[in-house]
Amino acid sequence: MSITPDNPAELSRRTLLGRTAAAGLLATGAVSLLGACATSGSEEGATKAEEGTKSAANPLGVKDDAPLEVVIFNGGYGEKYATDVHEPLYKKAFPKAEIKHQSTQAVSTVLQPRFASGNPPEFVNNSGEKLIDFGSLVADGQLMNLTELWDAPSVDDPNKKVRDTVVPGTVEAGSFNGKPYVLYYVSTVFGIWYSGKLFRDNGWAPAKTWSEFTALLDKIKAKGITPYGYAGANAAYYQWNVILTHAAKIGGTDVLKNIDNLEDGAWQQDAVKQAAAAWAEIGAKYVDKSFEGLKHTDVQLRQNQYKLAFYPSGDWLEGEQKKDTPAGFEYQLMPVPSLSASDKLPATALRATAGEGYFVSAKSKNPRGGLEYMRQMLSVAGAKGFTEVVKAPTVVTAGSEGFAFPPGVASSQGALKAAGQDVFNLYFDGWYKELDTEARTATNELMFGRINADAFCERIQKRADAISKDSSVAKFKR
Amino acid sequence: MRHGKYPFVIGFLFAPVTLYVVFVIAPYAQAFQISMTNWRGLSAPQWVGFDNYRRLLDDGSFWKAVQHHGVLLLALPLITIAIALFFAFLLNVGGRSVGGQRQGVAGSKFYRVVFFFPQVLAVAIIAVLFQMVYRPNESGLINGVLMKLGLDPVLFLIRPNLALWSIIAVLVWQAVGFYVVLFSAGMASIPGEIYEAAEMDGATRVTLFFRVTLPLLWDTLQVAWVYLGIAAFDAFAIVAVLSVDSGGPDGATTVLAMEIYRNAFVYSKYGYASAMGVALFFLTITFAALTLRLTKRESVEY
């Protein structure tokens, strides 16, 4: 009765403040409690993985009735290939297992909380604009090591290991510091795309050398068509990809290896500078200034309307544009032309890799089921089914044999064959997202004439140096 | 009546306070906690003390964003309030005097509704709309007309020194309607006799505005200034959807929320992003406290 104010209306400002502070203290207590659960995902909380007995039919030791959760990115390839091809294959091998299928367009939004709470799904197709950073996943020990999968006997031929049934470089493409964590499944070839019809109608031929290329661009410009362009608003990496591909052709594949390994001065190598200078000139003379403000869909549509001649991209382009491409457009791929006779790699050399990443969560309940799902994907039946549904070749060598691809993919597969051993890849954008962002920004600055090649190399190098010194970023080597 | 007062009060407060603590205070406080760690959003975070804050000091994009907030903080309230005041004045007292009562300009009821339209649209929709308006080629709303007239297109979002102002223009366009309504309500409560008296003394419209309307509207203006200032610390949705290369070209339009988003959800640096969030929190609080203190002055009783 003593400290209660006699009249509630007299509750002074001071007591009110005091009480607010007390409430605040209470809140802090509640917070530490909450904090404990939002950022948990503790080590000891890891669930015990299900395991069965290994046999010839079950080389990975899957427990035959353990459920499996599959999350598919519902993007350019859709989700049908999983529900109609891969999941039935798994089900056929393990009829007792229950498969829970989920698809999403925002992988990180859906899955990040699941990882944080230590309950990730077994199998994930980590792709799209909102993918979870692979580097962080690896650094946090969230991914299952795939060595066992690659060394397991393949579904179709027990005498052949899975790693011998895929295109060379597939295992490396998904490796971090030499350990395979990610399965990149779709064979992807990068280059500069044009319409076969437009070129035939005008009597133009794709260029092999730099002088041929600029002469051709002049002819196209005279026709009133924008000769070359990419989308600065959201797809500048299509263009740094061209610049770096060019650099690798000029100076050899070690140029890219140095960049990936964050070597001192990697971005200031002569080859990178020469390539940047060459493309800065293309930017100044042949690219429409408005492209910096356009999205990739806008620019790709302009190409379909025959208003743009050359567009750099990967070979998913044809499938992506299927709805907007006029009949007879005929996508064709041209490798980046060589700069001079002293280039280290021939004109046919190109960047190709496996794309579209899949992983198995190490901390899920049934990781062996995830590995087995991958083994089924990599069977001839799995690969053929995928190719038939999405019209794109997989990394399984026997999977695309005898399949009639549409003109664009046929042309990129032809170019890949012509390149022979001169095929290379780069990794820094997947390992260090910050460096990718900087390269995109710098590429726009270079191509739209605000900085020169030296400044381009210098500013990206500066960011690369900062990342290499940053102890909070996990480093990768190849 | 006194008996059982506290159980009664506590009973009523329990639910809202719990909700507030769980959904508002807890995440705030947790941001402070996470900002001291190197959390990547996946497994358990490690404590790193003030490392993230030290890193902020030499992060170029962070300071660029802070600088843009400075520009926004001056430009957004000034321009919005000026335009909104002008419109509100015309709508309420800018017209002829009928029977001694000042009226708005002809059709003011209609304009009032029209001005409020942008406020009804979701911010993301406005951003998408302005993508069409600003589009740099012949299919853009503005540039389509310019190019038909044979003029060069204006690269609104592309030219580094024009991009931020193009963004500010959208923010102003969206905000004006609300403040017209706010100021109209304020003006409606100013007694007509004051205007009548001033007019009899021969005051022109300009004098009326500066000597009568403005001083009597001071409290409302102050509120508007704080609201707009806080809006100037946000601007995320418009920048994220509208700007080139997410806050570009070369960071020319970036804001703190954009950098927080990028660090958290693109680079997976949740700890560092939280440190930026904490910095933003203090900037906003400081601004609100300063404004309320500086604009304190005797309000006129009427």
Crossing angle, helix B:108-120 versus chain B [Cα axis fit, 0-90 degrees, rounded to tens]: 0
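Where nothing but the Cβ of Lys and Arg (+1) and of Asp and Glu (-1) is charged, how large is the charge dipole of region B:60-294 around its Cα centre, in debye to the nearest 20? Please list the in-between numbers first.
Numbers: 13 positive and 11 negative charges, 31 e Å.
Computed charge dipole of region B:60-294: roughly 140 debye.
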In sequence order, calculated HN-Hα J values of region A:288-295 (Karplus, 6.51, -1.76, 1.60; Hz; x Gly/Pro): 6, 4, 5, 4, 5, x, 9, 8
For chain B, calculated [θ]222 nm from helices alone, where every DSSP H run of n ≥ 4 adds -39500 (n - 2.57): -20500 deg cm²/dmol
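If packing is taken as the mean number of other Cβ atoms within 10 Å per residue, what is the order of A:222-228, B:107-113, highest first?
Numbers: A:222-228: 16.4, B:107-113: 12.9.
Sorting A:222-228, B:107-113 by mean packing, highest first, produces A:222-228, B:107-113.
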Local net charge near A:THR170, Cβ-Cβ under 11 Å (Lys/Arg +1, Asp/Glu -1): -1
Positive-pole candidate from A:PHE310, A:ALA277, A:GLY357, dipole of region A:255-358, charges at beta carbon: A:PHE310
Estimated vicinal HN-Hα couplings, Hz - region A:132-146 in sequence order (Karplus 6.51, -1.76, 1.60; Gly, Pro = x): 7, 3, 4, x, 5, 4, 5, 4, 8, x, 8, 9, 6, 5, 8
Folded to 0 to 90 degrees: helix B:160-188 orientation relative to chain B principal axis, Cα: 50
Net charge of Cβ neighbours under 10 Å - reference B:VAL255; Lys, Arg +1; Asp, Glu -1: -1
222 nm mean residue ellipticity, helices alone, for chain A (DSSP H n ≥ 4; -39,500 (n - 2.57); rounded to 500): -12500 deg cm²/dmol
Cβ-based exposure ranking for A:LYS462, A:LYS289, in which fewest neighbours within 10 Å come first: A:LYS462, A:LYS289
Footprinting exposure proxy for A:ASP429, B:ASP201 (fewest neighbouring C-beta atoms within 10 Å first): B:ASP201, A:ASP429
Centre separation in Å (Cα based) which lies between region A:88-122 and region A:260-296: 40
Dipole axis of region A:148-226 (+1 Lys, Arg; -1 Asp, Glu on Cβ), positive-most option in A:PHE199, A:VAL171, A:TYR185: A:PHE199
Cα Rg, Dmax, chain A, angstrom units: 26.4, 100
Built amide H within the under 5 Å cut-off of A:SER187, gap 5+: A:GLY355, A:THR394, A:VAL395
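Answer rounded, prolate or oblate for region B:60-294, using the Cα gyration tensor with square roots of eigenvalues a ≥ b ≥ c: rounded when a/c is under 1.5, else prolate when a/b is larger than b/c, else oblate.
Values: a/c = 2.84, a/b = 1.56, b/c = 1.82.
Oblate.
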Ascending count of other beta-carbon atoms within 10 Å, so fewest first, for B:LEU155, A:LEU89: A:LEU89, B:LEU155
Net charge contributed by nearby residues that have their C-beta within less than 9 Å of A:ASN125 (K/R +1, D/E -1): -2
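Hey, can you list the DSSP H helices of chain A whose Cα span along the axis is 27 Å or longer and whose average Kyte-Doolittle score is at least 0.0? All intermediate terms of the calculation are to be shown ahead of the outcome.
On the way: long enough: A:13-38 (36 Å, 0.93).
Going by DSSP H runs, the hits are A:13-38.
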For region B:247-252, Karplus couplings with θ = phi - 60° (6.51, -1.76, 1.60), whole Hz, Gly/Pro x: x, x, x, 6, x, 6
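All of the numbers you see were taken from the coordinates with simple rules; none came from a lab. In this text the structure is predicted, and so the values were computed from the model without any measurement. FYI the Cβ positions are ideal-geometry reconstructions off the backbone, even for glycines, and counts take in every protein chain you see.
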